[in-house]
Amino acid sequence: MQEANLLNNYMLPSKESKPAKSRPGRRGFILSLGWALLGLAFAGMTWMSGRFLAGSQPRSDPEPVNFGPPDGHPIGSMTRGGRVVLLRDDAGFWAVTTVCPHLGCQPVFAENRRIFVCPCHGSHFDQEGRLLAGPAASGLSLAGLRLDAQGSLVAHPQEPARAGDRFKP
Amino acid sequence: MKFDKFIEHIHPTKIPADRIHISSTFCLGGAAFFLFLILGVTGLLLAVYYLPSAEGSRAALHDLTYVIPFGWLIRSLHFWAGQLMLVALLLHTIRVVATRAYLPPRQVNWLIGLALLLTTVGLDFSGYVLRWDSQTFWAAQVMSHLLGLVPLCGRELQQILLGGPQITESGLLRFYAFHCLFGPVLCLGLIMYHFWRVRRDGKLSQSL
């Protein structure tokens, strides 16, 4: 009698106590749904991990922009073309590439304050592209300027210029 | 159900039938182990971008938070899993004390558990230092001073922790090595031994 009690106390739930297998009922359906959701979550995490490991999306390089003859841009002017903004002061021309180093949005030139403001996350840059406020970690790059065979001013974003440099045609 | 069999197999071979119920242990050790696995996976992903230097860590944290797709999510998961693992382990310790599970024959596993708790605290702290901003720099400074107060071997411990008398980038590299390599390997080894002893020592949560 004592042995039987001991055995009962120290037994894992026996197989007999489980209900006989029948077609899946409500409980079975909910269990399957749970596993399916778990699988879906796992697949989602795998996809996100893949995106994470692939890193940030490659930004397409901006194309060269033809701004026409230099005489068409008076001192103090600002001209937009593609993803480049051409500016001119007493010393000469410079061109700012408007690709935010944060997430690749296009900062716009606020003429009244003479600064670039990124509309996506609010990064500020001065008129020569230098970083004033984040979340961007660096400034805007400057596009190299050259005259083509027709004497037009062409900005080349792939050939960055140094900050402070001025182009005199 | 295969999952039920798995649960039965991580328990000791013989336990009272009612102890199989979750409320006898609340599966707090299991929850901590699950969080450890999450920390392992997210940590491996973060290691792809993190650089243990002053400039590298700043840039990596910025990129992870703002630039890399789902970087913010992976970093947050790693952070919160770390915090919750410590909470789960503390609750687990309280449960073990409350059910007097530290008494023989399970006293060795109690000590292994305490070692795991300490290792986890070390992992949490070293992970915090990896941010390498002014807050965590001073936290490392305080920790090194505390270690320096340990009788007899304080100075040596400080030297081992920082690799020099001052906190520099070589100290950051040591925190990094502990956080990514020594700590997790030690933790995993102790966890495996801990689980094996749970099964071998028997008596699951019995004195409550």
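The values are calculated or read from the model by the stated rules, or taken from the named source; none is laboratory data. Everything numeric here is computed off the predicted structure, so don't read it as measured data. Glycine also receives a Cβ, built like all others from the backbone with ideal geometry; neighbour counts cover every protein chain displayed. Accessible surface areas use protein heavy atoms only, side chains included; no ligands, DNA or RNA. Shrake-Rupley method; radii C 1.70, N 1.55, O 1.52, S 1.80 Å.
Name the residues in region A:114-133 that are open to solvent by 50 Å² or more (accessible area, probe 1.4 Å), modelled with pLDDT of 85 or more and within 14 Å of chain B (Cβ to nearest Cβ), would you? A:131 - this is the single residue of region A:114-133 that is open to solvent by 50 Å² or more (accessible area, probe 1.4 Å), modelled with pLDDT of 85 or more and within 14 Å of chain B (Cβ to nearest Cβ).
Scanning region B:53-92 for residues that are more than 13 Å from every other protein chain (Cβ to nearest Cβ), open to solvent by 30 Å² or more (accessible area, probe 1.4 Å) and under 21 Å from residue B:174 (Cβ atoms) returns B:53, B:54. The listed residues are A:12, A:38, A:6, A:31, and the only one of them that is modelled with pLDDT under 60, within 12 Å of chain B (Cβ to nearest Cβ) and in a helix (DSSP H, G or I) turns out to be A:6. Inside region B:51-95, residues that are among the β-branched types (Val, Ile, Thr), assigned to a helix (DSSP H, G or I) and in contact with a Lys or Arg (Cβ under 9 Å, 6 or more places away or on another chain) make up a count of 1. Checked against (1) surrounded by 12 or more Cβ atoms within 10 Å (Cβ to Cβ); (2) at pLDDT below 90; (3) not β-branched (Val, Ile, Thr), residue B:166 passes all but a single condition, namely (1).
Could you look through region A:139-161, keep only residues that are touching a Leu at 6+ places or on another chain (Cβ under 7 Å) and open to solvent by 60 Å² or more (accessible area, probe 1.4 Å), and pick out the one that is nearest to residue A:101 (Cα to Cα)? The residue in question is A:160. Taking region B:134-144, which residues are open to solvent by 40 Å² or more (accessible area, probe 1.4 Å) and closer than 16 Å to residue B:174 by Cβ? Of everything in region B:134-144, those that are open to solvent by 40 Å² or more (accessible area, probe 1.4 Å) and closer than 16 Å to residue B:174 by Cβ turn out to be B:137, B:143.
Can you spot a residue in region A:131-151 that is within 21 Å of residue A:72 (Cβ to Cβ), in contact with a helix residue (DSSP H, G or I) (Cβ under 6 Å, 6 or more places away or on another chain) and of a type outside the set (Lys, Arg)?
Keep residues of region A:131-151 that are within 21 Å of residue A:72 (Cβ to Cβ), which gives A:142-151.
Next, from what is left, pick out any that are in contact with a helix residue (DSSP H, G or I) (Cβ under 6 Å, 6 or more places away or on another chain): none.
Scanning region A:131-151 turns up no residue that is within 21 Å of residue A:72 (Cβ to Cβ), in contact with a helix residue (DSSP H, G or I) (Cβ under 6 Å, 6 or more places away or on another chain) and of a type outside the set (Lys, Arg).
Residue-level check: of (1) at pLDDT 85 or above; (2) assigned to a helix (DSSP H, G or I), residue A:86 misses just (2).
For the residues A:99, A:85, the requirement of being more than 14 Å from every other protein chain (Cβ to nearest Cβ), in contact with a Ser or Thr (Cβ under 8 Å, 6 or more places away or on another chain) and open to solvent by less than 50 Å² (accessible area, probe 1.4 Å) singles out A:85.
Of the residues making up region B:16-50, those that are more than 9 Å from chain A (Cβ to nearest Cβ), in a loop (DSSP other than H, G, I, E, B) and open to solvent by less than 50 Å² (accessible area, probe 1.4 Å) are B:25, B:50.
Can you find a residue in region B:89-99 that is under 12 Å from the mean Cα position of the chain (by Cα) and small (Gly, Ala, Ser)? Steps first, please.
Within region B:89-99, the subset under 12 Å from the mean Cα position of the chain (by Cα) is B:89-90.
Remaining after also requiring small (Gly, Ala, Ser): none.
Looking for residues that are under 12 Å from the mean Cα position of the chain (by Cα) and small (Gly, Ala, Ser), one finds none in region B:89-99, hence no.
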